[in-house]
1. Could you please give the count of residues in region 41-60 that are touching a helix residue (DSSP H, G or I) at 6+ places or on another chain (Cβ under 8 Å) and not basic (Lys, Arg)?
2. Any residue at all in region 68-80 that is of a type in the set (Gly, Ala, Ser) and surrounded by 13 or more Cβ atoms within 10 Å (Cβ to Cβ)?
3. In region 35-71, what count of residues is obtained for those that are over 15 Å from the mean Cα position of the chain (by Cα), among the hydrophobic types (A, V, I, L, M, F, W, C) and either outside any helix (DSSP H, G or I) or modelled with pLDDT under 90 (or both)?
4. In region 72-82, what residues are among the small types (Gly, Ala, Ser) and in a helix (DSSP H, G or I)?
5. I'd like to check something: does region 33-47 contain any residue that is touching a residue at least 12 places away in the same chain (Cβ under 8 Å) and open to solvent by 50 Å² or more (accessible area, probe 1.4 Å)?
6. Which condition number in (1) among the aliphatic types (A, V, I, L, M); (2) under 12 Å from the mean Cα position of the chain (by Cα); (3) open to solvent by 50 Å² or more (accessible area, probe 1.4 Å) is the one that Leu26 fails?
Amino acid sequence: MNEKNKQRMEKFVALCNSGKPWYVFLVLFSLLLAANALLELFTEQRVKSWVWLLNVAGIVGCVADLFHCKNLRAAKAEDENA
């Protein structure tokens, strides 16, 4: 792997470890969940249960990833201080 690609990969990993992409996905899944709730509230259509489960699983997964990123940052800060 050449140096330029290695630098790009390091930046990408740093971005993922920062947790910023997980906030975007958390907002996306939250908006989808709200849209499903509004659809059922204001129309006669009913959303299938697997759609609700996918939205909730996405939110739970994003929150878990955010906690993982928080733990990675804390461990990195601890290593730098030691």
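1. So the answer is 8.
2. Scanning region 68-80, I find no residue that is of a type in the set (Gly, Ala, Ser) and surrounded by 13 or more Cβ atoms within 10 Å (Cβ to Cβ), so the answer is no.
3. Result for region 35-71: 1.
4. Selection gives Ala74, Ala75, Ala77.
5. No, region 33-47 contains no residue that is touching a residue at least 12 places away in the same chain (Cβ under 8 Å) and open to solvent by 50 Å² or more (accessible area, probe 1.4 Å).
6. Here Leu26 clears every test but (3).
The values are calculated or read from the model by the stated rules, or taken from the named source; none is laboratory data. Please read these numbers as outputs of a predicted model, since none were measured by experiment. With ideal geometry, Cβ positions are generated from the backbone for all residues, glycine too; neighbour counts draw on all protein chains shown. Side chains included, ligands, DNA and RNA excluded: accessible areas come from the protein's heavy atoms. Shrake-Rupley method; radii C 1.70, N 1.55, O 1.52, S 1.80 Å.
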